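Q: Pasting in a structure now, in C-alpha cells, and then I'll have a few things to ask.
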Amino acid sequence: PLHSPVTPHLPVKLRPEILALPAYRQGQAAPTGFKLSSNENPYDPLPGVLEAVDAATRQLHRYPNAAAPEITGRLAAEWGVEPDEVIVAAGSVALLMQFTLAAAGHGDEVVYSWRSFEVYPWMTVLPGATKVPVPNTPDHRHDLVAMAAAVTERTRLVLVCSPNNPTSSVVTAEEFEAFMAKVPTDVLVILDEAYAEFVTDPAAVNGRRLVRRYPNLVILRTFSKAYGLAGLRIGYGIGSPAILAAARTTIVPLSLTDHAQLAAIASLDRGDELRHRVAEISSRRDAVYDALLEQGWASIPRPHGNFLWYPTGPKTEEALEVFRRHGIVARAYLPDGIRLTIGEAESVQNVLDASEEIARLLA
Ligand code: PMP
C-alpha cells in the first residue's frame with residue numbers, strides 16, 4: 001500500500017511515519033527588508049572569528065577533529081566541569097536528535113510542551129517514538145505541573161525549552177525545581193536553553209546554577225543565537241558522563257567541522273564584546289515590548305529570548321502580510337501566531353508601525 005498522500009508514485013517501500021512528516025521548515029529569506037524570521041543575530045561575527053574560519057579553510061582537504069578536544073576543554077573550564085561532562089555537536093538540533101535516538105525508540109514516549117520548538121515532534125517520530133505534547137498555559141508558558149503529570153512508565157525523554165521558542169516565555173527556577181522533584185530520576189530531562197544569554201529575569205531557570213544538581217538533567221546551549229554563529233553549526237550539552245557517552249554514539253560521524261570548533265573558541269575569547277551585544281539586543285527587546293504595551297498589546301507574553309510572540313490566531317496570515325508591507329519578514333505558526341526576531345536598530349520603527357496596524361486588525 002502507498003502511505004503518503006504527497007508521494008503517490010513511491011518507487012520503494014519507506015516508513016509510513018516518515019512519509020507523513022513535513023520536512024523541517026526554515027524561516028523565510030528576505031529579498032528586501034529585514035529578515036526577522038529565524039531568531040538570528042543581527043551582528044557580524046565577533047572579532048577573530050573570520051580569521052579562525054580562514055585557518056580551518058586552509059585545511060579543507062582534511063577531516064575535522066571529531067573529538068573536538070579544544071572547544072570541549074574550553075567549555076568544561078567555563079562551566080566548571082570535567083571534559084566528559086561536555087558534549088559538542090553540529091548545532092543543538094544535532095544534539096537533540098542524538099539524545100532522542102539514545103533514549104527513545106518504538107513504544108517509548110517523549111514529553112514536551114506545545115507550542116514549542118518544531119523540531120521536538122519531528123525528532124520524536126524519526127526513531128519511532130510517541131509524541132506527548134502538553135498544551136502551554138493560556139499565557140503561553142510551559143505547564144510544568146501538567147508536563148510532570150504526563151510522565152508515564154514509557155516516558156524516556158522530557159523536553160523543557162526556556163526561553164520557549166516561539167513564545168519567548170521562561171520557566172522559573174522554582175517551577176523547574178518542583179518539576180524535577182516529580183520526574184523520576186531515571187527519565188532523561190533536557191533543558192533546551194538556546195536563548196539563555198538573552199535572559200535578564202533573575203527568577204528564570206538558569207542551567208548554570210543546575211550543573212551536577214540532577215543526574216538525569218542535560219543542559220543544551222548553542223553558538224547560533226547570542227554568539228551569532230548560526231551558519232557554522234555548533235552547540236553543546238552539559239550533563240552526566242554516562243548519558244553524554246551514549247549520545248556520542250548516535251552522532252552523524254565527522255559532522256562537526258573544524259571551522260565551527262575554531263570559531264566557537266574565538267567567540268569565547270571575546271566574552272566582553274559578546275555580553276555588550278547581548279545586552280543591547282535584550283534592552284532593544286524590552287523597549288519594543290514596552291512600546292507594544294503602550295499600543296495596547298496586552299496579549300503578547302513578556303519576552304525573554306531575542307524574539308516576540310504575537311498571538312494573532314485566525315488573523316495570522318493577514319498580520320504576516322502587514323509585516324511584509326512594512327518590510328519585515330516574520331515567521332507564522334499557523335493557526336496560532338507570529339514569531340518576530342529582535343534585529344537591527346533600524347528595524348524597530350518598521351516593527352512598531354506594523355504592530356500598530358496589526359493591533360487595529362485584531363481589535
Ligand atoms: N533549540 C531551540 C529552542 C531553538 O530555537 C533552536 C534554533 N531554532 C535550536 C535549539 C537549534 O539551534 P542550533 O541547532 O542552531 O544550535
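Q: If you scan region 248-307, which residues turn out to be hydroxyl-bearing (Ser, Thr, Tyr) and farther than 25 Å from Glu51 by Cα?
A: Within region 248-307, Thr249, Thr250, Ser282, Ser283, Tyr289, Ser299 qualify.
Q: Return the residues of region 268-281 that are surrounded by 14 or more Cβ atoms within 10 Å (Cβ to Cβ) and under 18 Å from Leu75 (Cβ atoms); say none if nothing qualifies.
A: Those that are surrounded by 14 or more Cβ atoms within 10 Å (Cβ to Cβ) and under 18 Å from Leu75 (Cβ atoms): Leu268, Asp269, Arg270, Leu274, Val278.
Q: (1) surrounded by fewer than 23 Cβ atoms within 10 Å (Cβ to Cβ); (2) within 14 Å of the ligand (Cβ to nearest atom); (3) aromatic (Phe, Trp, Tyr): which one isn't true of Tyr195, the others all being true?
A: Tyr195 satisfies every listed condition except (1).
Q: Pick out the one residue from Ile243, Ile265, Ile238, Ile251 that is surrounded by 22 or more Cβ atoms within 10 Å (Cβ to Cβ) and of a type in the set (Val, Ile, Thr).
A: Ile238
Q: Restricting to region 204-215, count the residues that are under 20 Å from the mean Cα position of the chain (by Cα), away from the ligand (no atom under 16 Å from the Cβ) and either β-branched (Val, Ile, Thr) or not in a helix (DSSP H, G or I) (or both).
A: Qualifying residue count for the region: 2.
Q: Within the set of pairs 6 or more residues apart or between chains, which connect a residue that is within 14 Å of Val158 (Cα to Cα) inside region 213-229 to a residue that is charged (D, E, K, R) with Cβ atoms less than 8 Å apart?
A: Sorted first by the residue in region 213-229, then by its partner, the pairs are Asn216/Asp186; Ile219/Glu193; Leu220/Asp192; Leu220/Glu193.
Q: With surrounded by 14 or more Cβ atoms within 10 Å (Cβ to Cβ), of a type in the set (A, V, I, L, M) and touching a strand residue (DSSP E or B) at 6+ places or on another chain (Cβ under 7 Å) as the only criterion, which of Ala68, Ala90 stands out?
A: Ala68
Q: Report, ordered by the first and then the second residue, all pairs with beta carbons closer than 9 Å, sequence separation of six or more or different chains, a first member in region 335-346 that is surrounded by fewer than 24 Cβ atoms within 10 Å (Cβ to Cβ), and a second member that is assigned to a loop (DSSP other than H, G, I, E, B) and of a type in the set (Phe, Trp, Tyr).
A: Glu344/Tyr43
Q: Within the bounds of region 221-235, is there any residue that is more than 16 Å from the ligand (Cβ to nearest atom) and out of contact with any helix residue (DSSP H, G or I) (no Cβ under 8 Å at 6 or more places or on another chain)?
A: Scanning region 221-235, I find no residue that is more than 16 Å from the ligand (Cβ to nearest atom) and out of contact with any helix residue (DSSP H, G or I) (no Cβ under 8 Å at 6 or more places or on another chain), so the answer is no.
Q: Please enumerate the residues belonging to region 231-282 that are free of Cβ contacts under 8 Å to residues at least 12 places away in the same chain and assigned to a helix (DSSP H, G or I).
A: Within region 231-282, Ala242, Gly271, Asp272, Arg275, His276, Ala279, Glu280 meet the criteria.
Only the coordinates and a few stated rules stand behind these numbers; no lab work does. In this text, all values refer to a predicted model and were calculated from it rather than measured experimentally. Every residue, glycine as well, gets a Cβ built from its backbone with ideal geometry; the counts of neighbours run over all protein chains shown.
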